[in-house]
Amino acid sequence: MIELVVNQSGDTVTLLNPLDACEYANVSTQTLNAWRREGWLSSFPVGRGHLYTYEMLDAALRARNKDREKTRQEVRDDRE
């Protein structure tokens, strides 16, 4: 975990490495990478790796949950 000061008033942002991001989101590294490749998850590319913020992870989790709910509703509609 990295804390960066982003302006003169002392506001900080926390950047998570992939392992910390996986632990926070409760997913595997393969899932995290798939979400990033598929466009569900934003990241900051650094060298050959990626860093994430809590906000990025929360947005991806919300988007994935909405997509799952939409799929479940479509399945229910098809059954009727």
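The values are calculated or read from the model by the stated rules, or taken from the named source; none is laboratory data. Please read these numbers as outputs of a predicted model, since none were measured by experiment. All accessible areas refer to the heavy atoms of the entire protein, side chains included, with ligands and DNA or RNA removed. Shrake-Rupley method; radii C 1.70, N 1.55, O 1.52, S 1.80 Å.
For the range 1-59, with all protein chains in place and a probe radius of 1.4 Å, 51% of the accessible heavy-atom surface sits on carbon or sulfur. Annotation: amide H of LEU51 within the under-5 Å range of PHE44, VAL46, sequence separation 5 or more or interchain, hydrogens built in the peptide plane. Rolling a 1.4 Å probe over the heavy atoms of the protein chains gives the range 1-51 an accessible area of 71 Å² per residue.
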